[in-house]
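One structure below.
The values are calculated or read from the model by the stated rules, or taken from the named source; none is laboratory data. In this text, all values refer to a predicted model and were calculated from it rather than measured experimentally. Positions of Cβ are generated from backbone atoms using ideal geometry, with glycine treated the same way; all protein chains shown enter the neighbour counts.
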Amino acid sequence: MIRIAVVGGIGSGKSHIAKLFGYPVFNADIEVAKLYKKNRKCYNKLKKILPSYIRSFPVKKNKLSEAIMDSQNNLKKIIKIIHPQIRMRLNNFIKKNKHRKFIVLDIPLLMENKINKKNDIIVFVDSKKKEINKRLKKRYKGNVKIIKRFEKVQLPVEFKRKKSNFIIKNNFRNNNVKKNVKNILGYFSNA
């Protein structure tokens, strides 16, 4: 099995590009959302460390955002609880798909949490800062402070770019990106 890890800055279009590969995708953001909605164990742990924000189940994202806005340390506390659960779900995903030719990993903090393996194929999504900012302002309702908090826990984009095997320029138009994805998959079919 070949593990393709899609990396890039926040809002660069990693999830969209990961889906274009046409193979099973482990999307950490979706898994985190499921934890907030369905996992009482996570809820209890979050409630214990953030009692003034987390008061009811399921965990409300806006309450987590408030906690993160109030302190960078709160983001670190949340990560400490959530990431072991995500790692476990990732391992289950890998076991379930072990007979597939490719799997795609869409994990924003892949390198930061040392989840990537030596043989992973790293695909960096390169997007224009102007386009990213436009998308992030829409996603986070113009809240620049929370975006900065998330960026603080990520490795520099240039570091990720240098560690990558392939770079896909994402202009947020499908035709160009699809061609790049096809070329990457073709590279392994011909190898």
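Total residues in segment 42-76 satisfying the condition of being without any contact (Cβ under 8 Å) to a residue 40 or more places away in the chain and either of a type in the set (D, E, K, R) or not in a helix (DSSP H, G or I) (or both): the figure is 19.
The rows are residues; the columns are (1) surrounded by 13 or more Cβ atoms within 10 Å (Cβ to Cβ); (2) modelled with pLDDT under 95; (3) under 18 Å from residue 14 (Cβ atoms).
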site: 69; (1), (2), (3): yes, yes, no
site: 73; (1), (2), (3): no, yes, no
site: 80; (1), (2), (3): no, yes, no
site: 90; (1), (2), (3): yes, no, yes
site: 109; (1), (2), (3): yes, yes, yes
site: 112; (1), (2), (3): yes, yes, yes
site: 115; (1), (2), (3): yes, yes, yes
site: 120; (1), (2), (3): yes, yes, yes
site: 138; (1), (2), (3): no, yes, yes
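For segment 143-177, filtering for residues that are outside any helix (DSSP H, G or I) and without any contact (Cβ under 8 Å) to a residue 60 or more places away in the chain leaves 8.
For the structure I just gave you, tell me whether residue 81 is among the hydrophobic types (A, V, I, L, M, F, W, C), more than 17 Å from residue 157 (Cβ to Cβ), assigned to a strand (DSSP E or B) and touching a residue at least 24 places away in the same chain (Cβ under 8 Å).
Working: among the hydrophobic types (A, V, I, L, M, F, W, C): yes; more than 17 Å from residue 157 (Cβ to Cβ): yes; assigned to a strand (DSSP E or B): no; touching a residue at least 24 places away in the same chain (Cβ under 8 Å): yes.
Spelling it out, it is not the case that residue 81 is among the hydrophobic types (A, V, I, L, M, F, W, C), more than 17 Å from residue 157 (Cβ to Cβ), assigned to a strand (DSSP E or B) and touching a residue at least 24 places away in the same chain (Cβ under 8 Å).
Scanning segment 90-124 for residues that are assigned to a loop (DSSP other than H, G, I, E, B) and touching a residue at least 12 places away in the same chain (Cβ under 8 Å) yields a total of 17. Take the residues of segment 9-28 that are surrounded by fewer than 19 Cβ atoms within 10 Å (Cβ to Cβ) and hydroxyl-bearing (Ser, Thr, Tyr): which is farthest from residue 147 (Cα to Cα)? Filtering first and then ranking leaves 23.
Against the conditions (1) out of contact with any strand residue (DSSP E or B) (no Cβ under 7 Å at 6 or more places or on another chain); (2) under 20 Å from residue 118 (Cα atoms), residue 11 satisfies every one except (2). Please tell me if residue 24 is closer than 30 Å to residue 169 by Cα and not basic (Lys, Arg). So residue 24 fits the description; yes.
Looking at this structure, is residue 58 under 16 Å from the mean Cα position of the chain (by Cα), surrounded by fewer than 18 Cβ atoms within 10 Å (Cβ to Cβ) and of a type outside the set (Asp, Glu)? Here the answer is no, as residue 58 does not meet what is asked.
The condition of being closer than 21 Å to residue 16 by Cβ, part of a loop (DSSP other than H, G, I, E, B) and either in contact with a helix residue (DSSP H, G or I) (Cβ under 8 Å, 6 or more places away or on another chain) or not aliphatic (A, V, I, L, M) (or both) does not hold for residue 180.
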